[in-house]
Amino acid sequence: MTDWLHLVLLIALVVVALDLARLRDLFAAAMLTGFFSLLCAVYYTIVDAVDVAFTEAAVGAGLSTVLMLGALSLLDERVETGRVRNRIGALSAALAVAAMMLYATPDMPAYGDPTSPVNQPDRPAWRYVHQSGKEIGVPNIVTSVLASYRGYDTLGETNVIFTAGLAVYALLAGVRRKRGQDAE
Amino acid sequence: MQSDVVLRVVSKFLIPFILLFAFYVQFHGDFSPGGGFQAGVILAAGIILYALVFGVAASFRIVPMRATQIGAAIGVMIYGGTGVVSLLRGARYLDYNALAHDPVHGQHLGIFMVELGVGIGVASTMLWLFYSFTSHKLRRDGQS
């Protein structure tokens, strides 16, 4: 049953991705990226990565679509997306990235592999799974890892988000100042 | 912004639940999926929905641009400050064991504070991004 669901979702992802590449309308493309994220979120839920699915649904399908539409509203009514000149170059770049990912995928440990890092007592992942209940006392291991074991990483991520807000504001406020000077 | 009556009524009905769900995700993140980041995004999404239906001017009256900027900085400072507190209590940076007498209590307190910082920071920054785009458009349309 879930095998069928995997297949249907993965095929739907490919169809949406191909459709996205073909689209010339930016508004439709923004909506379709949101739909792509929603499909990803459903897929993450099926493979039991609920925290990732939650984030994908909230950020990918929800907020980033709205922000994309906000950015689109700054553009003129009809913006033509330029035609790709170097089609063979673009295609070979996409194929090269796909080949690299396919090459790297078998290095991931198989599901339930006894030699994977989670099942090695001398690796940190073992400690996260087996000791976090005693050390941190939080049932959701994802929260323990993100907020405590990997607290420095999350501090960095929070700073990245803050910097992103600052950068967008600086860019858009900077445009205003230049326009104001032109008017004088 | 003129909008549909159905849209107004339905969103007015939904927004309190969206905001409440954000707080649930924030404070229940220890036990269920989610945490500060997701809660912040949901909170911002609730306010953005309000802005989309009732106009950005109305949402500026609830959460002004200035508040989102200050909130974004405060969120990062709560996170970094938690680390400084553990430094002051003689432990390493962001070592929550030192925050209370019992290490597990310290971990709970540390995670709570850190997630609170992430939640405030993310909610404010997402709203700040949205405001930056929309107020730029308002300004530009007003000029031309």
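The values are calculated or read from the model by the stated rules, or taken from the named source; none is laboratory data. Just so we're clear, the structure is a prediction, and the values are computed from it rather than from any experiment. Cβ placement follows ideal geometry from the backbone for every residue including glycine, while neighbour counts extend to all protein chains displayed.
May I ask you to verify whether A:V84 is outside any helix (DSSP H, G or I), at pLDDT below 85 and among the hydrophobic types (A, V, I, L, M, F, W, C)?
Answer is yes for this residue.
Only one of (1) in contact (Cβ under 8 Å) with a residue 40 or more places away in the chain; (2) of a type in the set (A, V, I, L, M, F, W, C); (3) closer than 30 Å to A:N140 by Cβ fails for A:C40. Which number is that?
(1) is the only condition that A:C40 fails.
Could you tell me which residue of segment A:26-53 is nearest to A:S73 (Cα to Cα), considering only residues that are in a helix (DSSP H, G or I) and β-branched (V, I, T)?
Of everything passing the filter in segment A:26-53, A:T33 is nearest to A:S73 (Cα to Cα).
Within segment A:78-86, is even one residue over 24 Å from A:I141 (Cβ atoms) and in contact with a helix residue (DSSP H, G or I) (Cβ under 6 Å, 6 or more places away or on another chain)?
Scanning segment A:78-86 turns up at least one residue that is over 24 Å from A:I141 (Cβ atoms) and in contact with a helix residue (DSSP H, G or I) (Cβ under 6 Å, 6 or more places away or on another chain).
Against the conditions (1) assigned to a helix (DSSP H, G or I); (2) hydrophobic (A, V, I, L, M, F, W, C); (3) surrounded by fewer than 18 Cβ atoms within 10 Å (Cβ to Cβ), where does B:F31 fall short? Just the number, please.
Here B:F31 clears every test but (1).
Would you confirm whether or not segment A:101-120 contains a residue that is over 24 Å from the mean Cα position of the chain (by Cα) and closer than 30 Å to B:T125 by Cβ?
Scanning segment A:101-120, I find no residue that is over 24 Å from the mean Cα position of the chain (by Cα) and closer than 30 Å to B:T125 by Cβ, so the answer is no.
Under 6 Å between Cβ atoms, at least 6 apart or on separate chains: pull out the pairs that start in segment A:127-141 with a residue that is facing chain B (nearest Cβ under 10 Å) and of a type outside the set (S, T, N, Q) and end on any residue that is part of a loop (DSSP other than H, G, I, E, B) and surrounded by fewer than 16 Cβ atoms within 10 Å (Cβ to Cβ).
From segment A:127-141, the pairs are A:P139/B:F31.
Identify, please: which residue in segment A:121-146 is assigned to a helix (DSSP H, G or I) and in contact with an Asp or Glu (Cβ under 6 Å, 6 or more places away or on another chain) and is, among those, farthest from B:D30 (Cα to Cα)?
Our first condition is that a residue be assigned to a helix (DSSP H, G or I); within segment A:121-146, this holds for A:124-135, A:141-146.
Filter once more, so that each one left must be in contact with an Asp or Glu (Cβ under 6 Å, 6 or more places away or on another chain): A:142-143.
Details: A:V142: 9, A:T143: 6 Å.
Residue satisfying both the conditions and the ranking: A:V142.
Please state which one of A:V79, A:V47, A:V42 is at pLDDT below 90 and either more than 14 Å from chain B (Cβ to nearest Cβ) or touching a strand residue (DSSP E or B) at 6+ places or on another chain (Cβ under 8 Å) (or both).
Selected residue: A:V79, the only one of A:V79, A:V47, A:V42 that is at pLDDT below 90 and either more than 14 Å from chain B (Cβ to nearest Cβ) or touching a strand residue (DSSP E or B) at 6+ places or on another chain (Cβ under 8 Å) (or both).
Please indicate, with yes or no, whether at least one residue in segment A:149-156 is within 11 Å of another protein chain (Cβ to nearest Cβ), closer than 27 Å to A:V47 by Cα, surrounded by fewer than 15 Cβ atoms within 10 Å (Cβ to Cβ) and at pLDDT 85 or above.
So far as segment A:149-156 goes, yes, one or more of its residues are within 11 Å of another protein chain (Cβ to nearest Cβ), closer than 27 Å to A:V47 by Cα, surrounded by fewer than 15 Cβ atoms within 10 Å (Cβ to Cβ) and at pLDDT 85 or above.
Are there helices (runs of 4 or more DSSP H) fully within segment B:56-144 with at least 3 residues that are within 10 Å of chain A (Cβ to nearest Cβ) and crowded, with 21+ Cβ neighbours inside 10 Å? List them.
Here the list reads B:65-88, B:103-143.
Would you say B:I62 is modelled with pLDDT under 95 and closer than 21 Å to A:L63 by Cβ?
Spelling it out, B:I62 is indeed modelled with pLDDT under 95 and closer than 21 Å to A:L63 by Cβ.
Tell me which residues, restricted to segment B:74-101, are in contact with a Phe, Trp or Tyr (Cβ under 7 Å, 6 or more places away or on another chain) and more than 20 Å from A:L146 (Cβ to Cβ).
Listed by number, the list holds a single entry, B:L87.
Are there any pairs, at least 6 apart or on different chains, whose C-beta atoms fall under 8 Å, with the first in segment B:26-53 and on the phi < 0 side of the Ramachandran plot and more than 8 Å from chain A (Cβ to nearest Cβ) and the second outside any helix (DSSP H, G or I) and β-branched (V, I, T), and if so, which?
Partner pairs satisfying both residue conditions: B:I47/B:V63.
Which residue pairs have Cβ atoms closer than 7 Å, lie 6 or more positions apart in sequence or on different chains, and pair a first residue in segment B:77-96 that is of a type outside the set (S, T, Y) with a second residue that is not in a helix (DSSP H, G or I)?
Correct list of pairs: B:G83/B:Y93; B:G83/B:L94; B:L87/B:Y93.
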